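See structure below.
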There are 4 protein chains.
Amino acid sequence: MPDSLEAKSTKAKIGVLGASGYTGAELGRLLLRHPGAEIALLTADRRAGQEMRDVFPQFAPFGLPKLVSIESIDWAGTALDLIFCALPHGTTQKVIKNVLGKAPAIKVVDLSADFRLADLDAYARWYGHAHQAAELQREAVYGLVEVHRDRIKTARLVANPGCYTTCAQLALIPLIAAKAIDPDEIVIDAKSGMTGAGRAAKEEMLFSEVSEGIHAYGVGHHRHMAELDQEFTLAAGREVVVTFTPHLVPMNRGILSTIYVRGQGELRPEDLHVMLLKHYMNEPFVHVLPFGTMPQTRHVRGSNMTFIGMTRDRIAGRAIIGAALDNLVKGAAGQAVQNMNLMLGFPEVMGLEQVALFP
Amino acid sequence: MPDSLEAKSTKAKIGVLGASGYTGAELGRLLLRHPGAEIALLTADRRAGQEMRDVFPQFAPFGLPKLVSIESIDWAGTALDLIFCALPHGTTQKVIKNVLGKAPAIKVVDLSADFRLADLDAYARWYGHAHQAAELQREAVYGLVEVHRDRIKTARLVANPGCYTTCAQLALIPLIAAKAIDPDEIVIDAKSGMTGAGRAAKEEMLFSEVSEGIHAYGVGHHRHMAELDQEFTLAAGREVVVTFTPHLVPMNRGILSTIYVRGQGELRPEDLHVMLLKHYMNEPFVHVLPFGTMPQTRHVRGSNMTFIGMTRDRIAGRAIIGAALDNLVKGAAGQAVQNMNLMLGFPEVMGLEQVALFP
Amino acid sequence: MPDSLEAKSTKAKIGVLGASGYTGAELGRLLLRHPGAEIALLTADRRAGQEMRDVFPQFAPFGLPKLVSIESIDWAGTALDLIFCALPHGTTQKVIKNVLGKAPAIKVVDLSADFRLADLDAYARWYGHAHQAAELQREAVYGLVEVHRDRIKTARLVANPGCYTTCAQLALIPLIAAKAIDPDEIVIDAKSGMTGAGRAAKEEMLFSEVSEGIHAYGVGHHRHMAELDQEFTLAAGREVVVTFTPHLVPMNRGILSTIYVRGQGELRPEDLHVMLLKHYMNEPFVHVLPFGTMPQTRHVRGSNMTFIGMTRDRIAGRAIIGAALDNLVKGAAGQAVQNMNLMLGFPEVMGLEQVALFP
Amino acid sequence: MPDSLEAKSTKAKIGVLGASGYTGAELGRLLLRHPGAEIALLTADRRAGQEMRDVFPQFAPFGLPKLVSIESIDWAGTALDLIFCALPHGTTQKVIKNVLGKAPAIKVVDLSADFRLADLDAYARWYGHAHQAAELQREAVYGLVEVHRDRIKTARLVANPGCYTTCAQLALIPLIAAKAIDPDEIVIDAKSGMTGAGRAAKEEMLFSEVSEGIHAYGVGHHRHMAELDQEFTLAAGREVVVTFTPHLVPMNRGILSTIYVRGQGELRPEDLHVMLLKHYMNEPFVHVLPFGTMPQTRHVRGSNMTFIGMTRDRIAGRAIIGAALDNLVKGAAGQAVQNMNLMLGFPEVMGLEQVALFP
């Protein structure tokens, strides 16, 4: 069919590096139905030579490129428009440095933590080694669309934010930037589904280890803190350090951040709510609930939405904010596609309009 | 914007009766993103006057008609093209009789069991009372698209099949019709997620009653048997009665049917597999897995796909078939939209191309 | 068998009012294997006349008294030593008033909220009506054994604490009483399993409503706050009001409290940890984990243990405390049996030594 | 305290080989509260040198021997009365051969599959290699107490049955032995919780891979078939081969077997039910439900009970049997302790009287 061939040739050619993980699968789900994108390359080093259906059977009915190893690719020879990089931290910076060295016109959305910290010293401190691609780090744009939309449009390399940090930032940055809350009194109690831990075979992520219970982890030292520090400090115009505690919840998808704040001066929780409501009035993927209504993660499952709620604490001046998103969509692959849309000139919402799957 | 208004006016106007249940929500999810349909009416008697977001918060970001009661509707005055009826058994036949009495041009996809049994005696036997709309029953077409596609295209009233029965029929009807298996030796052991039980507040469906365990129910007398009898008998050209045992599994969505069959004559499981493979080669929503591979419900979650697998039993001549679908999609709302597409002349797959959500 | 009859006659005769709820079942589980207790009476108004196995099939192998209605009982004629009252709030105070009016020698452990608040004004404010048994309220002892052990030993009426409040109090009372933390800077983010919501058939507790997601509820106004206020104020010797947010987690059992505190003066988190460690050294049912280790609810499931962990926040002077218990055991039935043991002169740990069931 | 020391010295000294797996933990849970047993040795090769609480935090409050490696043990020098062997298949036969070679007086309950098959050829066929301890195999007694009680009492080496096979055998052996059902028409559709897969870190057992879905596995070739063949053939006095399909269910514990049978001659399902009822009347750990009632796995969770139900199929002469047990208790550790009780002369039910934990 010449028609469809022609149609195909006008689509952007997309590669997904690390397609055998959960974020890779989620990129596959979204891109397969994205009107402007064509999946042209899928890599998975340990599964190279296999089909995507062998690692994720839900793709069985669809035609997709065979999985290849990264090192087998002739980057200069590909005609890719953009790659998503869903590789582990550390590996990523070397891979992207190599890709952009050989094919500098490719655009990159990196879903790892490797290019999120602008401060190379902070990077070294939190990750225990010097950054391997400092030049690229200087070029990278932090990809929280609702905050850095304009810079993302012209970026070559976008660092897709972490799932926890996206959730907390969307709730807090408008309030911090407006100096509406005390930046020294922020407590973020975050709860995540299990897909946040990735697909690596670890004993502590077996069904029987993590179902039917809840626990905190990384208490006092989770690496997403570095990202929060950077962005909150930027928004506040002065150093901000918050308390942040992540928990694992027996569910697949979802992050809920319950955030305890104190309004500045005479600002009441109702005032903070109005500020968020106005701030997000025209954002397609952030929805502020009526005052006093708190969000549930299940109501954003599978969608790119973030739901934010605000309630008055019984202690005067204090407010409790709830923010919920799907860690694999707005917290990873959906936000990455949102970044892609901006970088390639597509409508921002293209391919991201699925309604949440509940129940 | 006159443009979009005009565009809107060319869409089919759709009503959903019983929008506050799980099937209603699922119809909302699919129809909101269906290019040819516009949700023009939503009913929910007990929630009349409320917004859809009040009963299903996932719809909060979207504009939808307010929920109304069925009796408040002036059917002759609506300009609806088609209604989905997701009401409880019994109520349905009266409602549809009334609607079609007043507005005979409206097309109807009924998701209840009310119009599935062509034999009014069988209906009375299984449901304990005479059918209230016998005339309409004679007109109704059984809406398993893969079997009755042509008749559905011209039907006014389609009875959308049950979730269990869709799953078992898609696996078995081609084999029964081809006389490839012994119709007297079929055992269907079916497992369903909890949404199959609906949203009514019952003690036995509380989280703590049904999580962390499994059990059979309706053993020996589940009403879906009547539907299986009808369609299997039709396919076989002689009476077929099967053993069917449903179970409740602690998951939201999904039906898995594990089916034990014996091939006729010299037919081996491999031969049965080839028959299914050929039969479904061009069906968009049925995918036959490679021989020896069994399906998982999670790999069709949220999609309109049915996955079918076939494996050799160690007892010669016997085969074990697995069939998996999402009870709310191919088992209910997705199949209903597939029926709508045929009835209104849309491409059959329109609005149903979502990739499954896994994990 | 005269032997066993004789043995039986030396056991305490116990009644359980409200045996058809989850707390009632849990009392049954514990009392059936308690060496000093004999279940002599089980009530369940709506299930009167049925066997316990009809409402909880796990009791099928055991002989238990038939369920009766409360009003059918001749209290003066029973020879009960103690009753557990697991009835809804409001009903309880009338029932107990009636029981003790007719049979003043019966001891009572009440698992509702009815007798927890010593301040009748606070009761009226939080519950919206005057207390119906003010005399008895004055007599009632708040049954958190680790705090009020001595008074419980001689009490006739013990108000068993709430599940959330037990968890938070065990973590905080030693620190508040020692003036080791700032009582105005306490944030309690609590997460509960679904059994905490009881067995009433409510739409919002259906499996498909609450599985695969998490949400906060009762934000800013949960009634357990009244109980926390009372006990924290008592421990501090001045008014204490804390921030407390409960969440529902898709698991059956367990409460995890993540508590954010600030040490007074120079006290570091390590110092707070040592204080808890010493305080609970000889308590059989509270175990303080090594510094930096946080508890998981699953590791106390089915047991009467509370696990407490303490970790340093990265903000100087702030500590994060985790406390985990099983809401049906230490948070309800187990604690009630612990109270019974004290009230009847049994060893405190009798019948409560089960090891947690994990996985 | 000399008293308790003396008391201790009269207890049987027990070792658990492979204490870091789920079966090991479950043995720990049961033995810690067994009045006649003392845990004297715990091995875990990869965790040698650690405490049990490091691998299973639920044991934190209890004093237990440190974990050691198997090879560090001087078997002749230990004064163990009995060891439980919860090691992987294959390893086990070498370890036990070595232990009994050095300390022939030790009794052994082996929870692996290594000594279950009396026919060494069948072993080699199903496991792909010759048995390494053929002598011991000849001595081993198959430890399904309800069938082989007398031989177990005097055995030195007992092969604890598999979880699936215990469940199916308890339901079927009385009927097969009585020639009450057609042995050529048995279909066993079994559903297991996730702990049955053990604690090894495998991708396919991660929470996000196996929650929220169900699937069959090992279809047509699961190794438990060998065990069923042996015992059913023994009971029938002629060769019996059954259809058996295991499934994985998103729950931690429990096996449900739904079994399809045909009564011989005129025997109706009601007759089969009476036969089971009589057969198990005095068995402490098998409970036959009223006719028409089917069991749920959750009602035996954490207990050593098996619940069996029987229902009439609508096809004349066919019955549907349900059998439910906890795979870690009656399907593994509980049955092992039951075997120990017989081998050491304790009352059979000692330490196994816990009531099921529901919800």
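Can you give the FRET efficiency to the nearest 0.05 for A:ASN98 and B:ASP54, using r as the Cβ-Cβ distance and R₀ = 41 Å? Present the calculation step by step, with values, prior to reporting the outcome.
Working: r = 53 Å, r/R0 = 1.29.
Once rounded, the FRET efficiency stands at 0.20.
Charges at C-beta only: +1 for Lys and Arg, -1 for Asp and Glu. How large is the resulting dipole of the protein assembly as shown about its Cα centre, in Debye rounded to 20?
Values: 144 positive and 152 negative charges, 1 e Å.
Using Cβ point charges on Lys, Arg, Asp and Glu, the protein assembly as shown gives about 0 debye.
Taking only C-alpha pairs under 8 Å that are 6+ residues apart, what is the relative contact order of chain A in percent? Could the numbers behind the result be given before it?
Details: 770 pairs, mean separation 59.0, N = 359.
Worked out over chain A, it gives 16 percent.
When a/c is below 1.5 the answer is rounded, else prolate if a/b is larger than b/c, else oblate, so apply that to the protein assembly as shown with a ≥ b ≥ c taken from the square roots of the Cα gyration tensor eigenvalues.
Details: a/c = 1.32, a/b = 1.08, b/c = 1.22.
Verdict is rounded for the protein assembly as shown.
Return the FRET efficiency for the residue pair C:LYS179, C:ASN282: r is the Cβ-Cβ distance, R0 is 25 Å, and the value is rounded to the nearest 0.05.
Numbers: r = 23 Å, r/R0 = 0.90.
That pair, C:LYS179 with C:ASN282, gives E of 0.65.
Suppose you put the label 7 Å out from Cα in the Cβ direction; list, shortest first and in nm with one decimal, how far B:PHE62 is from each other copy's label.
Nearest to farthest, the other copies are at 2.0, 4.9, 5.2 nm.
Order these by the 10 Å Cβ neighbour count, fewest first: B:TYR260, C:TYR280. Present the calculation step by step, with values, prior to reporting the outcome.
On the way: B:TYR260 21, C:TYR280 18.
Fewest-to-most ranking of B:TYR260, C:TYR280: C:TYR280, B:TYR260.
Which of the lysines could a cross-linker bridge to C:LYS13, judged by Cα under 16 Å and excluding same-chain residues fewer than eight apart?
Of all the lysines, those that pass the test against C:LYS13 - Cα under 16 Å, at least 8 places apart if same chain - are C:LYS66, C:LYS107.
Just tell me the longest site-free run in chain B, where the sites are GluC sites (Glu not before Pro) in a DSSP loop having at most 10 other beta-carbon atoms within 10 Å. The partial results should precede the final answer.
On the way: sites that count: B:GLU239, B:GLU266.
Maximal segment without exposed cleavage sites: B:1-238.
Among the lysines, which fall within straight-line cross-link reach of D:LYS202, defined as a Cα-Cα distance under 18 Å, with same-chain neighbours fewer than 8 residues apart omitted?
Cα-Cα hits under 18 Å: A:LYS202.
Positive end of the charge dipole of segment B:36-126 (Lys, Arg +1 and Asp, Glu -1 on Cβ, about the Cα centre): tell me which of B:LEU117, B:ILE106, B:THR91 has its Cα farthest that way.
Towards the positive end, the residue furthest out is B:THR91.
Say a label goes 7 Å from Cα toward Cβ at C:ALA177 in every copy; what distances in nm does this one have to the rest, shortest first?
The answer, with the shortest distance listed first, is 5.0, 5.9, 7.7 nm.
Pick from D:LEU31, D:LEU206, D:LEU17: which is most flexible by mean-square fluctuation in a GNM of chain D where alpha carbon atoms under 10 Å apart are linked?
Of the options given, D:LEU206 has the highest mean-square fluctuation.
What is segment C:140-205's relative contact order, in percent, from Cα pairs under 8 angstrom and six or more apart in sequence?
Numbers: 38 pairs, mean separation 15.1, N = 66.
Worked out over segment C:140-205, it gives 23 percent.
Sort shortest first the distances from B:ASP45 to its counterpart in every other copy, using label points 7 Å along the Cα-to-beta-carbon line, and give them in nm.
So the label point of B:ASP45 gives 2.9, 6.2, 6.7 nm to the other copies.
Between A:TYR127 and C:ASP119, take the C-beta separation as r, use R0 = 56 Å, and let me know the FRET efficiency to the nearest 0.05. Could you put the intermediate results ahead of the total?
Values: r = 54 Å, r/R0 = 0.96.
Taking R0 as 56 Å, the efficiency between A:TYR127 and C:ASP119 is 0.55.
Under unit Cβ charges (Lys, Arg +1; Asp, Glu -1), what dipole magnitude, rounded to 20 debye, does chain D have relative to its Cα centre? Intermediate values should be presented prior to the final figure.
Numbers: 36 positive and 38 negative charges, 79 e Å.
Dipole magnitude for chain D comes out near 380 debye.
Which of the lysines could a cross-linker bridge to C:LYS179, judged by Cα under 30 Å and excluding same-chain residues fewer than eight apart?
Result set, ordered by chain and number: C:LYS153, C:LYS191, C:LYS278, C:LYS330.
Could you check how many percent of all C-alpha pairs in segment B:237-359 are farther apart than 18 Å?
Values: 4412 of 7503 pairs.
Counting every Cα pair in segment B:237-359, those more than 18 Å apart make up 59 percent.
Taking only the alpha carbons of chain B, what extent do you get along each of the three principal axes, in Å, biggest first?
66, 44, 44
How big is the dipole moment of segment C:130-222 about its Cα centre under a simple scheme where the beta carbon of each Lys and Arg is +1, that of each Asp and Glu is -1, and everything else is neutral? Debye, nearest 20, please. It would help to have the intermediate numbers written out before the result.
Numbers: 9 positive and 12 negative charges, 113 e Å.
Using Cβ point charges on Lys, Arg, Asp and Glu, segment C:130-222 gives about 540 debye.
Relative contact order, percent, of segment A:1-122 when contacts are C-alpha pairs under 8 Å separated by at least 6 residues?
Values: 184 pairs, mean separation 30.1, N = 122.
Worked out over segment A:1-122, it gives 25 percent.
Quick one: grab the alpha carbon gyration tensor of segment B:87-156, order the square roots of its eigenvalues as a ≥ b ≥ c, and give me rounded if a/c is under 1.5, else prolate or oblate depending on whether a/b is larger than b/c. Don't skip to the end; give the middle numbers.
On the way: a/c = 1.89, a/b = 1.17, b/c = 1.61.
Oblate, since a/c reaches 1.5 and b/c is not below a/b.
Against the longest principal axis of chain C, how steep is helix C:22-32, in degrees 0 to 90 to the nearest 10, with axes from Cα atoms?
For C:22-32 against chain C, the angle is about 70 degrees.
Which of C:ALA48, C:ALA324, C:ALA171 ends up with the largest GNM mean-square fluctuation for chain C, with Cα atoms connected below 10 Å?
Its mean-square fluctuation being the largest, the pick is C:ALA48.
How much mean residue ellipticity at 222 nm does chain D get from its helices, if each DSSP H run of length 4 or more adds -39500 (n - 2.57) and you divide by all residues, to the nearest 500 deg cm²/dmol?
Values: 12 runs with 112 residues, N = 359.
Taking each H run of at least 4 residues, the total per residue is -9000 deg cm²/dmol.
So how far, in whole Å, is the C-alpha centre of segment A:198-251 from the one of segment A:88-132?
Between the Cα centres of segment A:198-251 and segment A:88-132 lies a distance of 21 Å.
Among D:PRO183, D:PRO35, D:PRO295, which one shows the biggest mean-square fluctuation in a GNM of chain D, springs joining Cα atoms closer than 10 Å?
Of D:PRO183, D:PRO35, D:PRO295, the most mobile in the Gaussian network model is D:PRO35.
If you count, for every residue in B:216-226, the Cβ atoms of partner chains within 10 Å of its Cβ, what is the mean? Mind dumping the intermediate values first?
Details: counts 12, 2, 2, 12, 11, 5, 1, 0, 0, 1, 0.
Averaged over the peptide's residues, the number is 4.
Mind listing P(r) for segment A:87-224? All alpha-carbon pairs, 10 Å bins, whole percents.
10, 33, 35, 19, 4
If you take the C-alpha gyration tensor of segment B:257-305, multiply each eigenvalue by 5 and take the square root, what semi-axes do you get, largest first, in whole Å? Write down the numbers at each step before the final one.
Values: eigenvalues 101, 37, 14 Å².
Semi-axes from the Cα gyration tensor: 23, 14, 8 Å.
Could you tell me how many cubic angstrom of Cα convex hull volume segment B:1-129 has per residue? Present the calculation step by step, with values, prior to reporting the outcome.
On the way: hull volume 15.6 nm³, N = 129.
Expressed per residue, the convex hull around the Cα atoms of segment B:1-129 is 121 Å³.
In chain C, with Lys and Arg counted as +1 and Asp and Glu as -1 at Cβ, which of these residues, C:HIS222, C:HIS287, C:GLY15, has the Cα nearest the positive end of the dipole, that is, farthest along it?
C:GLY15
Read the figures in this text as sums done on the coordinates, not as results from a lab. The structure presented is a predicted model; accordingly, all values stated were derived computationally and were not measured. As a convention, Cβ positions derive from the backbone with ideal geometry for all residues, glycine included, and neighbour counts pool all protein chains shown.
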